[in-house]
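The values are calculated or read from the model by the stated rules, or taken from the named source; none is laboratory data. Keep in mind that this is a model prediction, so the values were computed, not measured. Ideal geometry is used to build each Cβ from the backbone, glycine not excepted, and the neighbour counts take in all protein chains shown. Only protein heavy atoms, including side chains, enter the accessible area calculation; ligands, DNA and RNA are left aside. Shrake-Rupley method; radii C 1.70, N 1.55, O 1.52, S 1.80 Å.
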Amino acid sequence: MFSKILIANRGEIAVRIIRACNDLHIKSVAIYSRIDKESMHVKMASESYEVSSDPLKAYLDGDAIINIAINCGAEAIHPGYGFLSENAEFARKVKNAGIIWIGPDYSVIAKMGDKNAARELMKKNGIPIVPGTKTLNNYSIQEIKIMANKIGYPVILKASNGGGGRGIRVVRNDNDIEDNLAACKREAMAFFKNDEVFMEKYIENPRHIEFQIIADNYGNIVHLLERDCSIQRRHQKLIEIAPSPTMSFDLRRKMGSAAVAAAKAANYTNAGTIEFLVDDLNNFYFMEMNTRIQVEHGVTEEITGFDIIGRQIRSASGEILDLNQSDILHQGYAIEVRINAEDVANDFMPNPGKITTYYPALGPFVRIDSAVYKDYVIPPNYDSMIAKLIVRASSYNLAVNKLVRALEEFTIRGIKTTIPFLLNIAKDRDFRKGNFDTSYIENKIQELMPNEAINKDDIVAVIATAIAIKAGY
Ligand code: MV4
């Protein structure tokens, strides 16, 4: 086992990884940007080092991070999610520096990062994929139209190196192919520095179901059931549920086997996620594989009882997986909501600033993964997620009850958060019935919008400003 791990991340996931290190009696090393000096991950780690680059670049400065790891004697690096976590080049450099990467091999990251290559690999291994093409870049518009008609409209164009909903275009007829293809290529080049694009049949309003897998370095792989991540807005997930409240045992068995087969085909090690689209007839299709820990891993931990981050570390250190698929049972349902510092009424604009009051929800089967505290100032430089609230109960219906209760209890003042919006979802009849797909938020955005609640802090601020103006300041 390692004696010291460097965490190449910040925020709640850095805190979560430090906790796993403490549980395993491993020293933790935090890195931080200039503006993150007062952050919780810095306070909690055994040691911490500033990365002197620009705040936006600090957690992306791979060479500086590797130097810190070498100098402080860290034997492994945990990348968390975001930042460098899916950067195959960084993972390769870490390995070449003699440091263990807590994740799959860089070659696997590179292969799965190429969505087209991943598709081909899955196809070859009998895992269902959406009907579609290889790269379109060597074909004329005429040939591409023929392909689209063969697949059948609507089709979706996707950047081979895409992700996060960027570089995708839905096309509904021949007339719209040329412009959309050009736009898709432009966006792909701008965001991913590669303009390769491929085409798939467009599945209307699918559910997004993903399977968590955990593997050791010796080919042993199990899945830890699925999460429904359909509730999202503009490709940002808002709510994740484990297991899926609408999945039959039969579909779970089929999709679970496909997920493990996908991981085996990729020579996968460590933790990962296989994402599927599920259509209204319960046909499922491999979409992509995430080669890192995900934001929503906690719901899977809660229903299975397995510490996924702890197992990532143990697996990377060379431990043999001590689980068979038949050992994986689940108890009840867990729901996670992502609480963001955002002004929902103002198109979900980030709303950073100082947290003046902070009372997290508590009580049985309520978990909060966060890195904020009273008087913490949320910087504007990073993403707006400030806490993940995870509740668990014996049934999906009772978990929804608990979610309502916990969201009503959770008090944050000083900044605007998505809590009132999430509460409206929690109270929605269709949410409680499991009646949702990826179009849920878009379809219901009006009725989910909170009434402009009058916030005491805002009134105080307005009065203070009025007094200041009158006094001539
Ligand atoms: C699709 C699709 C329908 N059909 N592919 C969006 C992000 C990228 N990772 C893949 N995405 C989609 N691919 C086919 N063939 C619908 C989406 C999609 C989506 C997928 C998961 C979660 C939310 C979504 C919202 C809109 C579109």
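Of all residues being closer than 27 Å to S244 by Cβ and in contact with a strand residue (DSSP E or B) (Cβ under 6 Å, 6 or more places away or on another chain) in segment 361-383, which is most open to solvent (accessible area, probe 1.4 Å)? Just the residue, please. In this case the residue turns out to be F365. Considering every residue within segment 105-117, establish whether at least one is assigned to a loop (DSSP other than H, G, I, E, B) and among the basic types (K, R). No, because not a single residue in segment 105-117 is assigned to a loop (DSSP other than H, G, I, E, B) and among the basic types (K, R).
Scan segment 188-200 and give yes if some residue there is modelled with pLDDT of 95 or more and either charged (D, E, K, R) or away from the ligand (no atom under 16 Å from the Cβ) (or both), otherwise no. The answer is yes; a qualifying residue exists. Considering segment 154-184 alone, what residues qualify as being over 16 Å from H235 (Cβ atoms), without any contact (Cβ under 8 Å) to a residue 40 or more places away in the chain and more than 12 Å from the ligand (Cβ to nearest atom)? R172, N173, D174, N175, D176, I177, E178, D179, N180, A182, A183, listed by residue number. Residue-level check: of (1) within 16 Å of the ligand (Cβ to nearest atom); (2) within 24 Å of the chain's Cα centre (by Cα), K134 misses just (2). When A345 is tested against (1) out of contact with any Pro (no Cβ under 9 Å at 6 or more places or on another chain); (2) open to solvent by 20 Å² or more (accessible area, probe 1.4 Å); (3) not in a loop (DSSP other than H, G, I, E, B), exactly one condition is not met: (1).
L281 meets the conditions (1) at positive phi; (2) part of a loop (DSSP other than H, G, I, E, B); (3) hydrophobic (A, V, I, L, M, F, W, C) in every case but one. The failed one is (1). Across segment 80-90, the qualifying residues are those that are out of contact with any Ser or Thr (no Cβ under 9 Å at 6 or more places or on another chain) and not charged (D, E, K, R), and the one among them that is most open to solvent (accessible area, probe 1.4 Å) is F83. Return yes or no: is N290 modelled with pLDDT of 95 or more and either open to solvent by less than 10 Å² (accessible area, probe 1.4 Å) or in contact with a Leu (Cβ under 8 Å, 6 or more places away or on another chain) (or both)? Here the answer is yes, as N290 does meet what is asked. Among the numbered conditions (1) more than 22 Å from A188 (Cα to Cα); (2) out of contact with any Ser or Thr (no Cβ under 8 Å at 6 or more places or on another chain); (3) in contact (Cβ under 8 Å) with a residue 12 or more places away in the chain, the only one that G103 does not meet is (2). Once segment 397-422 is narrowed to residues that are open to solvent by 30 Å² or more (accessible area, probe 1.4 Å) and part of a helix (DSSP H, G or I), the residue that is nearest to T246 (Cα to Cα) is N397. Looking at A188, is it surrounded by 21 or more Cβ atoms within 10 Å (Cβ to Cβ), outside any strand (DSSP E or B) and in contact (Cβ under 8 Å) with a residue 40 or more places away in the chain? Criteria not met by A188. Mind listing just one residue for me: the one in segment 246-261 that is assigned to a loop (DSSP other than H, G, I, E, B) and among the polar types (S, T, N, Q) and, of those, farthest from the ligand (Cβ to nearest atom)? If we take residues in segment 246-261 being assigned to a loop (DSSP other than H, G, I, E, B) and among the polar types (S, T, N, Q), then S248 is farthest from the ligand (Cβ to nearest atom). Checking each residue in segment 203-245 for being closer than 24 Å to R169 by Cβ and more than 16 Å from the ligand (Cβ to nearest atom) picks out no residue at all. The number of residues in segment 121-131 being surrounded by fewer than 16 Cβ atoms within 10 Å (Cβ to Cβ), more than 16 Å from the ligand (Cβ to nearest atom) and part of a helix (DSSP H, G or I) comes to 1.
Candidates are the residues of segment 97-120 that are more than 16 Å from the ligand (Cβ to nearest atom), surrounded by fewer than 20 Cβ atoms within 10 Å (Cβ to Cβ) and of a type in the set (A, V, I, L, M); the one that is nearest to N194 (Cα to Cα) is A110.
For every residue, the table says whether it meets (1) in a loop (DSSP other than H, G, I, E, B); (2) within 16 Å of the ligand (Cβ to nearest atom).
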| position | (1), (2) |
| --- | --- |
| K264 | no, no |
| Y268 | yes, no |
| L277 | no, yes |
| Y285 | no, yes |
| R292 | yes, yes |
